[in-house]
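Reviewing the structure listed below.
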Amino acid sequence: MYAVKVLHGYISKDGQRTRDKNQARVFGDKRFAEKFADKIGGRVKEFSR
């Protein structure tokens with residue numbers, strides 16, 4: 001599982017920045033996460049729930 005990290009938090013399901021990992025938008029495929037991260041200027045972080 002992958003999440004997009006920006007500044008000191010993650011991108012949530014509604015598109016806002018959050019510091020809570022449980023609210024983070026999760027991508028199953030790293031390629032999709034990287035494409036989204038490139039679009040918004042974030043980075044991809046792998047984690048498990």
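Nothing in this text is a laboratory measurement; each read-out follows from the coordinates by a stated rule. Just so it is clear, the model here is predicted, and its values are computed rather than measured. Methodologically, a virtual Cβ is constructed for each residue, glycine included, from the backbone with ideal geometry; neighbour enumeration extends over all protein chains shown.
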Of residues in the stretch 1-45 being of a type outside the set (A, V, I, L, M) and in contact (Cβ under 8 Å) with a residue 40 or more places away in the chain, the one surrounded by the fewest Cβ atoms within 10 Å (Cβ to Cβ):
K45
How about the chain: which of its residues are more than 10 Å from the chain's Cα centre (by Cα), part of a helix (DSSP H, G or I) and among the acidic types (D, E)?
D38
